[in-house]
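Visitor: Here's a structure for you.
The values are calculated or read from the model by the stated rules, or taken from the named source; none is laboratory data. This one's a predicted model, so the numbers in the text were calculated from it and none came from an experiment. Using ideal geometry, Cβ is built from the backbone for each residue, glycine included, and neighbour counts are taken over all protein chains shown.
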Amino acid sequence: MSLNIEKLRGLFPILHQEVHGKPLVYFDNAATTQKPQAVIDALTGYYQHDNANIHRGAHALADRSTQYFESTREAVRDFIHAKEAAEIILTKGTTESINLVAATFGRKFIGEGDEIIISTLEHHSNIVPWQMLCQENGAILKVIPINDAGEIEYDEFLKLLSKRTKLVSIVHASNALGTINPVKEIIAKAHEVGARVLLDGAQSTSHLTVDVQALDCDFLAFSAHKLYGPTGLGVLYGKREILESMPPYQGGGEMIKEVSFDGTTYNEIPFKFEAGTPNIGDVIAFKKALDFIQDLGKDAIKAHEDELLQYAAEQLSEIKGFIPVGVAKDKVSVLSFCINGMHPFDVGVMLDARGIAVRTGHHCTQPLMKRLGLEGTVRASFAVYNTKSEIDVLADAVQKIARIKNK
Ligand code: PMP
């Protein structure tokens, strides 16, 4: 069933404004998506009616807050089809989720001479934590190369895999190019050598159906703010037996069973990994974002976004001086490009003057940009509330801007 986009846009108050005297065209969704009114209302509603610390309170507000908080955990479980809610750890975001795995699983199970495999497509948050770990424990970081279309070289991945591989940590969908990696195959192959697999789902979870049991991934990290939810909140999914085998991340309240000066015992998962008072209000509001996605249906969202991506690629490729960056066969709705003779930042500023919000630069993927021989790109990324007529506005603007250097 196709979506009623105009009606759906009505749910997002921020979209209905002018920027520099022009209607806002928001194409920076890979950086963060906008929030529907229901999410905003849930956040204010929490502080107006329910605010209390969770889990240990002996009063009605604490009970209510706890119940709402835990119902988001259950909604996340359902969203990624995890076996049980205990496998859902609530974090600050993808970055913290990956750092948590590096600091706990990494320190305990990866040692000197062991290998971690990542890819050239990675966001810095799936590079730096592993570099820090390798520096600390003498493990070795291996990187899967890519082809010029921006796809990983799968045969090279197979060559890198060995008995020394302890972890494959790979992006599901690239934020810079949109490339979707063949993660199901990667996971199966990694498991054959006994390695665990972490998926960076920061971009994939908003566009694709991600079923952790069907994929059989060991960890999945993602952020609420790219899923129409609040900032400063994310998820780490992990299989129960792995999470139970890992030491805690941070020490403090909530993560303990019993504390004495002779020693401390730790709480059950997921609480073992959730020290301190969490981001309660945002967690509660996040459920409304998940409801929003589930109500529309992932298939309908993907169909609409695929159509936008195809339309944008067609419209823009007509333009003299337009250079697409990353032309993988399998992509989420991210269109990265350069304009011949122009710096991406200058293009971004000129688009902004026309009310069009895009991201320019290296997109936190400097090694990828180096591989592509680029300083950066212009990135237009589409969400479910974007329309073809907005893409017409972009195409018209890009045409005028490109003409400056491409007569
Ligand atoms: N990985 C990818 C692929 C991303 O796109 C992002 C956000 N740009 C991150 C990781 C980091 O997410 P966060 O900043 O929300 O922790």
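Visitor: Do we find a residue being part of a loop (DSSP other than H, G, I, E, B), in contact (Cβ under 8 Å) with a residue 12 or more places away in the chain and under 26 Å from the mean Cα position of the chain (by Cα) anywhere in segment 35-52?
Guide: Yes, some residue in segment 35-52 is part of a loop (DSSP other than H, G, I, E, B), in contact (Cβ under 8 Å) with a residue 12 or more places away in the chain and under 26 Å from the mean Cα position of the chain (by Cα).
Visitor: While we're on this one: Could you please let me know if Ile319 is outside the structural domain of Phe69 (by TED's automatic domain parsing), touching a residue at least 60 places away in the same chain (Cβ under 8 Å) and farther than 17 Å from Ala149 by Cβ? Spell out how you get there, then give the answer.
Guide: Numbers: outside the structural domain of Phe69 (by TED's automatic domain parsing): yes; touching a residue at least 60 places away in the same chain (Cβ under 8 Å): yes; farther than 17 Å from Ala149 by Cβ: yes.
So Ile319 fits the description; yes.
Visitor: Output yes when any residue across segment 348-364 is without any contact (Cβ under 8 Å) to a residue 40 or more places away in the chain and among the small types (Gly, Ala, Ser), and no when none is.
Guide: yes
Visitor: Among the listed residues Ala300, Ala328, which satisfies the condition of being touching a residue at least 24 places away in the same chain (Cβ under 8 Å) and surrounded by fewer than 16 Cβ atoms within 10 Å (Cβ to Cβ)?
Guide: Ala300
Visitor: Identify, from the list Ala86, Ala75, Ala62, Ala82, the residue that is without any contact (Cβ under 8 Å) to a residue 24 or more places away in the chain and away from the ligand (no atom under 16 Å from the Cβ).
Guide: Numbers: Ala86 fails: without any contact (Cβ under 8 Å) to a residue 24 or more places away in the chain; Ala75 fails: without any contact (Cβ under 8 Å) to a residue 24 or more places away in the chain; Ala82 fails: without any contact (Cβ under 8 Å) to a residue 24 or more places away in the chain.
Only one candidate qualifies: Ala62.
Visitor: Taking Tyr47 as the residue in question, decide whether it is exposed (fewer than 14 other Cβ atoms within 10 Å of the Cβ) and assigned by TED's automatic domain parsing to the domain that holds Ser204.
Guide: Working: exposed (fewer than 14 other Cβ atoms within 10 Å of the Cβ): yes; assigned by TED's automatic domain parsing to the domain that holds Ser204: yes.
So Tyr47 passes the test.
Visitor: So which residues in segment 113-137 are part of a helix (DSSP H, G or I) and surrounded by fewer than 19 Cβ atoms within 10 Å (Cβ to Cβ), if there are any at all?
Guide: From segment 113-137, those part of a helix (DSSP H, G or I) are 124-126, 128-137; that's our starting set.
Those that are part of a helix (DSSP H, G or I) and surrounded by fewer than 19 Cβ atoms within 10 Å (Cβ to Cβ): His124, Val128, Gln131, Met132, Gln135, Glu136, Asn137.
Visitor: Still on this structure: Can you tell me which residues in segment 23-38 are away from the ligand (no atom under 16 Å from the Cβ) and of a type in the set (A, V, I, L, M)?
Guide: Leu24, Val25, Ala38 - these are the residues of segment 23-38 that are away from the ligand (no atom under 16 Å from the Cβ) and of a type in the set (A, V, I, L, M).
Visitor: Looking only at residues in segment 191-224 that are in a helix (DSSP H, G or I) and surrounded by 24 or more Cβ atoms within 10 Å (Cβ to Cβ), which one is nearest to the ligand (Cβ to nearest atom)?
Guide: Result: Ala224.
Visitor: Out of the residues in segment 244-264 that are in contact with a Phe, Trp or Tyr (Cβ under 7 Å, 6 or more places away or on another chain) and either in contact (Cβ under 8 Å) with a residue 12 or more places away in the chain or in a loop (DSSP other than H, G, I, E, B) (or both), state the one that is farthest from Arg107 (Cα to Cα).
Guide: Going residue by residue through segment 244-264, those that are in contact with a Phe, Trp or Tyr (Cβ under 7 Å, 6 or more places away or on another chain) are 246, 248-249, 254-257.
Now narrow it down to the ones that are either in contact (Cβ under 8 Å) with a residue 12 or more places away in the chain or in a loop (DSSP other than H, G, I, E, B) (or both): 246, 248-249, 254-255.
Values: Met246: 9, Pro248: 11, Tyr249: 11, Glu254: 22, Met255: 19 Å.
The residue in question is Glu254.
Visitor: Kindly indicate whether Arg73 is in the same structural domain as Met255 (by TED's automatic domain parsing) and over 19 Å from Asp211 (Cα atoms). Show your work before the answer.
Guide: On the way: in the same structural domain as Met255 (by TED's automatic domain parsing): yes; over 19 Å from Asp211 (Cα atoms): no.
Taking the combined requirement at face value, the residue does not satisfy it.
Visitor: Which members of segment 89-112 meet the condition of being more than 16 Å from the ligand (Cβ to nearest atom), touching a residue at least 60 places away in the same chain (Cβ under 8 Å) and crowded, with 18+ Cβ neighbours inside 10 Å?
Guide: Correct list: Thr104, Phe105, Gly106.
Visitor: Right, next: Mind checking whether some residue in segment 348-357 is assigned to a loop (DSSP other than H, G, I, E, B) and not assigned by TED's automatic domain parsing to the domain that holds Leu208?
Guide: Quick first cut of segment 348-357, residues assigned to a loop (DSSP other than H, G, I, E, B) only: 354-355.
Among the residues that remain, those that are also not assigned by TED's automatic domain parsing to the domain that holds Leu208 are: 354-355.
Yes - at least one qualifying residue is present in segment 348-357.
Visitor: Checking the structure you have, find out if any residue of segment 235-250 is within 16 Å of the ligand (Cβ to nearest atom) and of a type outside the set (A, V, I, L, M).
Guide: We begin by selecting, within segment 235-250, every residue within 16 Å of the ligand (Cβ to nearest atom); these are 235-237, 249.
Adding the requirement that they be of a type outside the set (A, V, I, L, M) leaves 237, 249.
Yes: segment 235-250 contains one or more residues that are within 16 Å of the ligand (Cβ to nearest atom) and of a type outside the set (A, V, I, L, M).
Visitor: Does segment 14-34 contain any residue that is among the hydrophobic types (A, V, I, L, M, F, W, C), loosely packed, with under 15 Cβ neighbours inside 10 Å and under 22 Å from the mean Cα position of the chain (by Cα)? Lay out the reasoning, then the answer.
Guide: Filtering segment 14-34 down to residues among the hydrophobic types (A, V, I, L, M, F, W, C) leaves 14-15, 19, 24-25, 27, 30-31.
Imposing the further condition that a residue be loosely packed, with under 15 Cβ neighbours inside 10 Å reduces the set to 14.
Cutting the leftovers down to under 22 Å from the mean Cα position of the chain (by Cα) gives us 14.
Looking through segment 14-34, at least one residue is among the hydrophobic types (A, V, I, L, M, F, W, C), loosely packed, with under 15 Cβ neighbours inside 10 Å and under 22 Å from the mean Cα position of the chain (by Cα).
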